[in-house]
Each structure stands twice: as structure tokens, then as C-alpha cells.
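Computed from the coordinates by the stated procedures, all read-outs in this text should not be read as laboratory data. These numbers come from a predicted model, not from an experiment. Note that each Cβ is placed from the backbone with ideal geometry, even for glycine, and that neighbours are counted across all protein chains shown.
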């Protein structure tokens with residue numbers, strides 16, 4: 001057992017993305033780039049909740065990971081299930097205490113609800129991936145809304161949160177199609193419940209709806225300017241082109257393009273504040 005294993009369990013990249021999401025959500029709602037102490041605390045809380053969610057997911061996935069990913073810290077025995085569960089619970093408690101004592105009540109409520117959602121997902125939904133996917137996909141949406149809750153201005157952020165939810169959901173569906181054979185006997189995913197063709201269609205519809213929603217802030221709220229429209233359009237081209245990979249069964253490339261396009265979309269959201 002080493003400190004590296006505890007860091008690995010957190011999935012630091014995912015948690016850093018959560019921190020960035022909170023910053024972007026706050027910046028959009030506030031209308032400028034500032035980092036007050038309250039935002040800093042919210043960013044720490046988001047990192048902790050994300051990390052706790054990652055750890056508890058590995059705790060309840062330990063049986064499956066022992067067969068599919070025996071090199072991970074828990075199935076390898078380097079970190080015990082009991083220790084990992086204590087680690088996760090400590091992170092959840094610390095994050096929610098920070099939110100309760102230092103953030104607005106609505107922010108604490110959001111942090112608490114998503115903490116519960118991540119626990120429910122880890123314990124009861126992994127085998128029902130077609131439901132759990134939406135909990136996973138809501139992660140980025142949660143960070144944007146959590147950041148905006150510090151200001152109390154949700155108009156534009158809710159639309160961006162919806163686009164993030166839909167594009168993440170499409171990526172989760174594509175991952176399920178790619179992992180269908182590996183998941184058999186362990187989990188029940190969307191392509192197993194319907195079929196691969198129907199799953200592809202739903203992924204496409206999620207991308208299309210996100211594409212349409214992404215321009216609403218500019219049209220209805222005069223959000224951003226030319227740079228925002230340009231960046232979100234490039235991101236949307238990436239989302240739409242990923243459909244070509246999905247149709248042709250190149251799921252790995254589709255996932256990579258979706259992930260890159262999501263990151264560019266987040267940058268476009270921020271550009272609407274900066275430029």
C-alpha cells in the first residue's frame with residue numbers, strides 16, 4: 001500500500017475537470033473571472049465529492065475488477081475494501097461539511113444530493129448501466145450548476161449543463177456498445193436491453209439535441225460573441241463527426257473525439273465570459 005494507490009483511486013484528472021467545471025459555472029453566472037474564497041472552497045468540495053465517488057465506485061466494483069482489472073489498487077489487495085470505504089466516506093463527509101458551513105444552503109443541497117447519487121450509483125446501479133449512465137453523465141452538469149449556485153443565477157448555466165449532460169450521455173452509450181461483450185455476465189447496459197442499432201440512434205439523438213441547445217444562450221440571452229459561436233461550432237462539428245465513427249463501429253475514436261469536443265465546449269462556455 002502506498003500513497004500513489006490512494007491518488008490513483010481518486011482519478012485526479014476527472015476531479016480536476018470537476019474543479020474546472022465549478023469555476024466555469026461560477027464565472028458564467030457571475031459574469032467575470034474572479035476567484036473569491038467561497039469559490040475556492042466550492043472547488044475543493046467538488047474535487048472531494050468527485051474523488052469520493054470514484055473510490056466508492058471501485059469499492060463496489062471490486063468483484064468485477066478482480067476478474068477484468070486485477071491490477072487496480074483494491075482487487076490487487078494493495079488497498080483493502082474496508083480502508084477504501086473509510087477513505088471514500090471521509091471525503092464525502094469533509095466535502096459536505098465544507099459546503100454546509102461555508103457555502104449557500106442551495107450549494108450544500110446540491111453537494112449533498114450528488115453525494116447521495118454517487119453512493120446510490122456505486123452500490124445499486126453498476127449492474128444497470130442503462131440507468132447508471134445518466135448519473136455518470138450528470139457529473140459535468142453538476143459541477144456547472146454547483147458553481148452557479150454560489151451566485152444564484154442559473155439562466156445560461158442550466159442550458160450548458162443540459163448540453164454537457166447529453167454529450168456525456170452519448171459518450172457513455174458509445175462506451176457501453178464497445179464494452180458490451182466484456183460486460184456480459186456482470187452488467188446490463190443499454191445495447192443489451194435494446195440492441196446496438198437502437199443504442200447508436202439514442203447516442204445520435206443526444207448529440208443532436210445538445211447541438212441545438214448549445215446556441216440558445218447566444219440567441220436568447222446574447223451570451224458571448226463571435227468567439228463563443230466559433231468555438232462552440234467547432235466543438236459541435238466534432239460531436240457531429242463522431243457520429244460517423246459510431247455508425248462505422250469505430251467506438252474508440254468516437255469516444256476520443258467526443259471527449260475532445262466536450263473539452264472544447266467547456267472552453268467555449270468560458271470564452272463567453274472572457275471575450
If you build the Cα gyration tensor of the range 154-275 and take the root of 5 times each eigenvalue, what three semi-axes come out, in whole angstrom, biggest first? 30, 13, 11
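I'd like to compare 96-109, 12-25: which one has the highest average count of other Cβ atoms within 10 Å, and what's the full order after that? Don't skip to the end; give the middle numbers.
Details: 96-109: 16.9, 12-25: 20.3.
With the highest mean Cβ count within 10 Å placed first, the list reads 12-25, 96-109.
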Distance from the Cα centre of the range 127-162 to that of the range 210-275, in angstrom? 16 Å
What spacing in nm lies between the two simple spin-label points modelled at residue 66 and residue 5, each 7 Å away from Cα in the Cβ direction? 1.5 nm
With a 10 Å cut-off between alpha carbons and a GNM built on the chain, which of 163, 140, 81 moves the most? 81
So what's Rg/Rh here for the range 1-153, counting alpha carbon atoms and using the Kirkwood radius for Rh? 1.00
Summing -39500 (n - 2.57) over every DSSP H run of at least 4 residues in the chain and dividing by its residue count gives a helix-only mean residue ellipticity at 222 nm, to the nearest 500 deg cm²/dmol, of -27000 deg cm²/dmol
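Need the full-extension length gain, residue 263 to residue 78, defined as separation in residues times 0.36 nm minus the C-alpha distance. One decimal, nm. Can you show the working numbers first?
Details: separation 185, 0.36 × 185 = 66.60 nm, distance 3.32 nm.
Here the segment from residue 263 to residue 78 would lengthen by 63.3 nm.
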Starting from the alpha-carbon convex hull of the range 1-67, give the projected area averaged over all orientations, in nm². 5.6 nm²
Over 5 Å intervals from 0, what percent of Cα-Cα pairs in the chain sits in each interval? 1, 6, 12, 16, 17, 17, 14, 10, 5, 2, 0
Taking 7 Å along the Cα-to-C-beta vector as the label spot, tell me the residue 124-residue 241 distance in nanometres, rounded to one decimal. 4.2 nm
How would you order 257-265, 70-78 from highest to lowest mean count of nearby Cβ atoms within 10 Å? 257-265, 70-78
